[in-house]
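The values are calculated or read from the model by the stated rules, or taken from the named source; none is laboratory data. Just so it is clear, the structure is predicted and the values come from calculations on it, not from any experiment. Here Cβ is always computed from backbone atoms with ideal geometry, including for glycine, and neighbour counts include all displayed protein chains. Heads up: the accessible areas ignore ligands, DNA and RNA and are worked out on the full protein's heavy atoms, side chains in. Shrake-Rupley method; radii C 1.70, N 1.55, O 1.52, S 1.80 Å.
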Amino acid sequence: MAAAKKTSAGTSRTRSSAKKAEPAIAEFTKEEELHAYREMLLIRRFEEKAGQLYGMGLIGGFCHLYIGQEAVVVGMQMAKIDGDQMITAYRDHGHMLAMDLDPKGVMAELTGRRGGLSKGKGGSMHMFSKEKHFYGGHGIVGAQVSLGTGLGFANKYRENGNVCMTFFGDGASNQGQVYESFNMAELWKLPVIYVIENNKYGMGTSVERSSSMTDLSQRGASFNIPGEKVDGMDVRAVMAASKKALEWCRDGKGPYILEMVTYRYRGHSMSDPAKYRSKDEVQKMRTEHDPIEQVRKRLLDNKWATEDDLKGLDKDIRARVAEAAEFAQTDPEPDASELYTDILL
């Protein structure tokens, strides 16, 4: 009896201390810094161009940009292995680019062209790639959490060693299906990382106004799921926390929660004027915590790149994005027969 009690207490102490430990910061090599810079800059330039096309009326429906949050998905991409899955909500363009999907296919989906990753029928909010293990793009708030838990179940059943990284926002963290998923994932020790992208505002409501418990990393405490708060504006912190969580899951210990404290510079969607926050607040984040500028500064300080090197890299990325935008405007629209395909009854 005493031994059992000791084991239980030991487990509790281990998890408790993991929560309180100082966040780790990965030491990047020159190649890792350049990779992170390139990938984040591609997402930033892509999203800026998507915003322009939306303003021109070339992208219809909803369009949610990832500008400011780039370090989250890039840091996690740098920690994962081939076969690990990602699933997210409707702010999904950055995730697809980080999963090495062709910018042409992503942009063409936004404009509803046949070369889009969902044949032009899904638009901004519903993209998918089985080949790259990206499972959406979901418009129903919180719906992807239960689906991501199902992907984790499949991984455990198949014993393939893969982990599903399930992304959702601070607003979605209050959804009931999230907690049903937490309960099942811990009961069955499923390899799922629940990534809460806390960009401070669920649509137009601050997390302080919408959540009685604002430390979202502890949302799994009642289910015995460990959690960690991470600086989501520092790609090194994201990568370090992701490696730790991935190892936890691969060791068969069950799910893990990462609260990525980040910030979006634009409104919730392109139709949101974001009047619920001041311009000074946004500018302060851009000036002091921008994820891309942090990497840029380290590259220059370490003399791993010159100003001209980084300008050349930016020029190349802008050209790649411009090519994607041109393709997205000239590629034919889907044939009318596509209206009747890929429909489940």
* Can you pull out the residues in segment 229-245 that are touching a helix residue (DSSP H, G or I) at 6+ places or on another chain (Cβ under 7 Å) and assigned to a helix (DSSP H, G or I)? -> Val235, Val238, Met239, Ser242, Lys243
* Asked: Out of curiosity, is Ser173 more than 21 Å from Val238 (Cα to Cα) and in a helix (DSSP H, G or I)?
  -> no
* Name the residues in segment 79-95 that are within 15 Å of Cys164 (Cα to Cα), assigned to a helix (DSSP H, G or I) and touching a Phe, Trp or Tyr at 6+ places or on another chain (Cβ under 9 Å), would you? -> His95
* To do: Enumerate the pairs (first residue in segment 154-166 and over 15 Å from Phe134 (Cα atoms); second residue anywhere and aliphatic (A, V, I, L, M) and in a loop (DSSP other than H, G, I, E, B)) with beta-carbon separation below 7 Å, excluding pairs fewer than 6 apart on the same chain, so at least 6 apart or on different chains.
  => Lys156/Leu190
* To do: Kindly check whether there is at least one residue in segment 274-289 that is in contact (Cβ under 8 Å) with a residue 24 or more places away in the chain, closer than 22 Å to His64 by Cα and open to solvent by less than 10 Å² (accessible area, probe 1.4 Å).
  => no
* Asked: In the set Leu216, Leu190, Leu117, which member is open to solvent by 30 Å² or more (accessible area, probe 1.4 Å) and in contact with a helix residue (DSSP H, G or I) (Cβ under 6 Å, 6 or more places away or on another chain)?
  -> Leu117
* Asked: Filter segment 1-48 for residues that are part of a helix (DSSP H, G or I), charged (D, E, K, R) and closer than 20 Å to Ile257 by Cα; which is modelled with the lowest pLDDT?
  -> Arg13
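Looking at this structure, is Asp342 open to solvent by 60 Å² or more (accessible area, probe 1.4 Å) and outside any loop (DSSP other than H, G, I, E, B)?
Values: open to solvent by 60 Å² or more (accessible area, probe 1.4 Å): yes; outside any loop (DSSP other than H, G, I, E, B): no.
It is false that Asp342 is open to solvent by 60 Å² or more (accessible area, probe 1.4 Å) and outside any loop (DSSP other than H, G, I, E, B).
Sort through Lys132, Lys104 and tell me the only one that's touching a residue at least 60 places away in the same chain (Cβ under 8 Å), open to solvent by 40 Å² or more (accessible area, probe 1.4 Å) and over 13 Å from the mean Cα position of the chain (by Cα). So that I can check it myself, show each step before the final result.
Values: Lys132 fails: touching a residue at least 60 places away in the same chain (Cβ under 8 Å).
It is Lys104.
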